[in-house]
Structure formats: structure tokens, C-alpha cells
Amino acid sequence: MDSYGLVLFLLWLATATGLFLFVRWLSRFLIKFNLPNDTRLLILIAFSGVMLVAALNFLWKQEVKQPTPPTTNSSTAPDSTADAQQPQTEINLDTYESTTYPDLYGLRQEMIKQLQDLNTFFAQINDLAERLPAQRRFLQDIIDIRWERRKQLQQAYQAIDRSRRAFWLHYHTGEDHYVRKMFAEEAVRLQKRIQDGLGDSREFQLAEAEAISKHLRAADDLLKAAKLPTPQKGQSINTIFRPYSDQNRQTLIELLTRKQENSILVNLKQLQQEEKRVYDKLAYMQQYQQINTDLQEETYSLILAWNQALIYNQYAQYRILFATEALETTLLLGEAPANRDYAWLLKELRELSPSILAQAVEERNVAAFSYNPAIDSKYRKP
């Protein structure tokens, strides 16, 4: 008798014992009631029958669950020799490459990472351009460089990946020792192809670094450009620079606040307050002009002077905001703050902000003191 048969025997024995004890208990229990003998006997038989059926059903189910031993056959029974001759579980091509050709695998992963980073950039560039409108011309230069870089990397990677997959096909269908020997030479060639592709990518990265450096130097030149740019014939001042919208300006102020650039913020906010005062004065002059029609010439001249002060104030803000935005753009492009041109522009921005505010105040004074001819000659530009 096996172990399972022993368990079934014990179950049968326990069931029979339990059924006997239940009938005995029920008989004694029914005696307590004043029932006719035939009624008591019927009740005893009915309950005992139910318990017997339930017990037999339970034991039958246990019989059904008895496991069937596997059939053995000399032609199908595995042995240690057969196991050793079975093919190994098929492994992933990447896993095979990483263990057999680690140099090739590492170089290919670097190429994949660069392509992924470029794809992420192109997926986000539209949103970036919307948030940084004054940087769109610069961003277009970066887009052009990275587009060509991605195109060359993709072409190189597709050729390399095709060669890998062709090897994997032959590895599983041909004579593996021969295929591996042949691919060892191919792997060296592929490594060289990847190195060349990464080298070309490096040239594009250097071109991008130069574009970033040029842009940051231009932002520094703008900070130092104290004179308002002179429009060419038929050109509007708005085509030379476009003042930042309230939303874009507020975004950059919040950025400076997060970075605790308090020395820049103080001067920028002072320029904002000056701008509001100028707008208030211009609004008053326009209302005054409508009532005092006989002072059209004087009012018009004064409006021109205050409008010039307003334009210069906005130009002063533009210079600070543009430099701030240029710095942030380079960070978003992956440039490190340790970059020499980045560090220099940030230093210049901190140091030149007070003088930019002073220049705007000086322009405001030209309009503020225009009434007194003696003082006017002191502030009026030649």
C-alpha cells in the first residue's frame, strides 16, 4: 500500500467511526422527546442516511483525486546523456553581444543613447520655442545641427543593426563555429563603423558648442550695448527688438527668484516700476491733449520724449531678460553651468544690471526735465 492508499484507508475508518458515533448520539438525543417509536426510528434513519450519503460522496472525491503515476517507456524516458545533448535555451541577441563582444555592445549602446537623446529633443523643441520666443533664431541653429547629426547616426546605426541581425540568423541556422569566426572579423569592422559615427557626431557636438558660445557672447554684447539700436531707413524699432510679454517676463522673474539672483531681480523689478510710471504719464498726457487742444504741439513733443523713455526702459529690460533666457536655454540644451561662456555671461549679468537700470533712469530724466531749458541742456543728448 502506498502513502496515498494509507491516507484513504484512514479516512474510511474515521468516517465509519464518526457515522457510528453520530447515530448513537442522535438515538439518545431523541429519547428525551415524547415521540412514538416509529417516528423516532424514521428520524434516526433519515438523518443517518443523509450523513452516510455525504460521507460516501466525500470519500469518492478523494478516490478520484488519486494521482496517476507517469508511464515509463524505454524510448521516451530521458537520461543524463540525452539532457546533455539537448540545445541550450535560445538567448537574446543583446545578451549574446554583451557577453561575447562587450566592446561592440558598449559602443552601440552609446550610439543608441545619443539617438534617444536627440529624439527626446525633437519631441520637446516646439514647447521650448513657445516658452522662449526670443531664443527661436538660436534654437533654429541648434535644430539644424542636431537634425543632421541624428540623420547620420540613424543611417550608421541601421547598417550596423542590420549586420547584427543577419549574423544572428546565420548563427541559428548555419555551422555556429564558422559563423562566429566570420562575425569576429565583422564585429571589428562594426566597431570601427560605430567609432566613425560617434566621431562624426562629436564634430556636430563641437559645432553646437561653438553656436552656444557665439550666442552667449552675443547676449553679453547686448548687455553692454548702452545705446538704443538705430533702425535703418523704413525699419521700425520693434523689428530690432520685441519687448517681452508680461507672461514671458514673469516666467523669467520666477526663474531668477528660484535661483536667488537677488542682485539681478532688484534692478529688473525697479525697471518694471519705472515702466508703469511712464505708462501712467503717457495716459495722462493723452487725456490732457484731448482737453487742451491749443497745446497740441507741446503735448506731442512731450509724448515723444516720454515714449522714447518708455522704449529705452523696455530695451533695458530686454537686455537683462534676454541674457537670463539665453543662460536658461543653454542649460535646457544640456550645457553645464561650468561652461566658460555661461559663467562669464552670468557674472556680467549680475554686475551690469545696476548700470542698465541707471541708463534707463537717465533716459527717463531727459523727458522728466524737458520743461526747464537750462536743465534740459544738461540731460538732452546731442
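The values are calculated or read from the model by the stated rules, or taken from the named source; none is laboratory data. Keep in mind that this is a model prediction, so the values were computed, not measured. Protein only, heavy atoms only, side chains kept; ligands, DNA and RNA dropped before computing areas. Shrake-Rupley method; radii C 1.70, N 1.55, O 1.52, S 1.80 Å.
Which of the pairs Lys113/Lys259; Lys224/Lys269; Lys227/Lys269; Lys259/Lys347; Lys233/Lys276 have their Cα atoms more than 24 Å apart in this structure? Spell out each step's value before the answer.
Numbers: Lys113/Lys259 30 Å; Lys224/Lys269 19 Å; Lys227/Lys269 21 Å; Lys259/Lys347 14 Å; Lys233/Lys276 30 Å.
Distance filter (> 24 Å) returns Lys113/Lys259; Lys233/Lys276.
By the gyration tensor of its Cα atoms, with a ≥ b ≥ c the square roots of the eigenvalues, what is the shape of segment 279-355: rounded for a/c under 1.5, prolate for a/b over b/c, or oblate? Kindly include the intermediate steps, with their values, before the conclusion.
On the way: a/c = 5.98, a/b = 3.87, b/c = 1.55.
In terms of gyration-tensor shape, prolate.
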message = Could you tell me how far the Cα centroid of segment 112-155 sits from the Cα centroid of segment 294-333, in Å?
response = 31 Å
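Given 0.36 nm per residue, what is the gain on full extension from Asp221 to Asn262 after removing their alpha carbon distance, in nm?
Values: separation 41, 0.36 × 41 = 14.76 nm, distance 2.23 nm.
Full extension from Asp221 to Asn262 adds 12.5 nm.
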request  = Please list the equivalent ellipsoid semi-axes of segment 237-382, computed as the square roots of five times the alpha-carbon gyration tensor eigenvalues, in descending order and whole angstrom.
outcome  = 35, 16, 12
key: Fraction of accessible area attributable to carbon and sulfur, segment 128-173 (%, probe 1.4 Å)   = 46 percent
